[in-house]
1. When a/c reaches 1.5 or more, the comparison of a/b and b/c decides; with that in mind, is chain A rounded, prolate or oblate per its Cα gyration tensor?
2. Whole angstrom only: what separates the Cα centroid of region A:37-53 from the Cα centroid of region A:110-140?
3. Looking at the square roots a ≥ b ≥ c of the eigenvalues of the Cα gyration tensor of region A:66-222, which shape do they give, rounded for a/c under 1.5, prolate if a/b is larger than b/c, or oblate?
4. So, for chain A, what is the accessible surface per residue at a probe of 1.4 Å, expressed in square angstrom?
5. Please work out how much length the chain gains when fully extended from A:Glu137 to A:Leu279, using 0.36 nm per residue of separation minus the C-alpha to C-alpha distance, in nm with one decimal.
6. Applying a 10 Å radius around every beta-carbon, put A:46-57, B:83-94 in order of their mean neighbour count, most first.
7. So, with +1 on the Cβ of K and R and -1 on the Cβ of D and E, and no other charges, what is the size of the charge dipole of the protein assembly as shown about its Cα centre, to the nearest 20 debye?
8. Enumerate the lysines that A:Lys145 could reach by cross-link, defined here as Cα to Cα under 23 Å, with residues fewer than 8 away along the same chain left out.
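The values are calculated or read from the model by the stated rules, or taken from the named source; none is laboratory data. Note that the structure is a prediction, hence the values are computed from the model and not measured. Here the Cβ positions follow ideal geometry from the backbone for every residue, glycine too, while neighbour counts run over all protein chains shown. Remember, those area values only see protein heavy atoms, side chains included, never the ligands or the DNA or RNA. Shrake-Rupley method; radii C 1.70, N 1.55, O 1.52, S 1.80 Å.
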Amino acid sequence: MKPEGTKQEFWFFPGCMARLKLPQVERSVRTLLEDLGVSLKDEPRFTCCPDPVMFRSASRDDWLFLAARNLSLDSGPPIVTLCPGCASSLSEARHVLDEDEELAASVAARLRKSGLKLALPHTQHFLQILSDPGVREDIAERVTKRFDGLKAGTHYGCHLVRPSSAVHFENPEKPTCLDDLLSLTGAEPVDYDDKYLCCGRPSIDDATSSAIVEHKLKAMKAAGCEMLLVACPFCFEQFDLGQAILERKGGSFGIPVLYVSQFLNLAMGRDPQELGLELHRIKPNGLL
Amino acid sequence: MYRIERSRDDNLTRIAMLEMARLCYTCGICVGDCPAARFSDDFNPRQIFLKVCLGLGEGLTGEDSPIWKCTTCYTCSERCPAGVKPHEVILALRNLSFKQGVCPQSVKAVRASVLEKGAVGAVTQRVTDLRKRMNLPEAGDDQGPDLEQFISEA
């Protein structure tokens, strides 16, 4: 365990998707970080990061400016997010402004009109905190419910590791952190076909998006996955709700999807009743 | 000598020139593992990029353009051996479509929601109740800062 006095502190950036649609995910991330002695500060003035896909598709300039606004609201500790989209969006904006002095000066001048001073704090997804060897050791020591032999798939989510020039976390094409965390509980990471393929969710074309998620779910099933671990609210919805929709059309998968923090809450002895798992479309009852 | 007519859109030209300076040699690595290319019939990041370089990018804007199929996974830009960023070119084409008013309704809706409420989506009674039950901070009152005004004033 970490000695007292080395407590890490962050601004907590919940993002729209968990805050407004998947509060159980936000609950589990807060609980996990609190259990690990990480202190979180809330900033009610944070807005959408903004969304690196849809919002940025409308205007790159406005995306950059609103990201700069979020980054400049406070001084002090760095930012931690629960969504890779938020972490990637804010990190990329920071990177763009870091590299381009002229652009940064013009953004700074615009922010000054609203009384803000341009700041570029570091932003990370909470999995980056969990990758610290000391924290991982701490988790291993706290595991009270083991999942020995459980065959589990992992899906990383593109924005967790890309663009690597801005995010700087793990191998941008073959990350391992989720598989490593699974192993701490005795669960068995499964290598299924196209494991590192995008979930398809951000495609604005529904046919492309559902073809990809169906392909991935079939590959997981073929490899014998009994559960899927994710770290992105959008991937979560794509695999949970998307799976339910495919099952209604006659597909048969039965692969419950857990957010990595929910899985660790369970492994670290939290009461399943606290986790809101009944809100999932694919019920993870077999894991409790 | 052929003279290549560039796009009339300044932003698109700027991005295409910036990326072209890195010399795409059409190796196609951006196509190989592209999710949208694998799972649809008419999406090809190399083709999109080359069309923009040849000044034909404006034919790629509009609601029915293949550009909306991109999943923004960034694999193309990670792998390009010449350092080209095809996803930036696709996003520039999307921005141009938006400017022309010819983009999918979902993009307009997300933008409007963020500018009006500061968030994608609304605070519903369901989420208010769930957050209370889960002992989470209140989701807010749906009245975030007026970002439309924030942008226009700056």
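1. Oblate, because a/c is 1.5 or more while a/b does not exceed b/c.
2. So the two Cα centres are separated by 10 Å.
3. oblate
4. In whole numbers, chain A has 37 Å² accessible per residue.
5. 48.0 nm
6. Top to bottom by mean Cβ count within 10 Å: A:46-57, B:83-94.
7. Taking the Cα centre of the protein assembly as shown as origin, the dipole is about 460 debye.
8. Correct list for A:Lys145: A:Lys2, A:Lys283.
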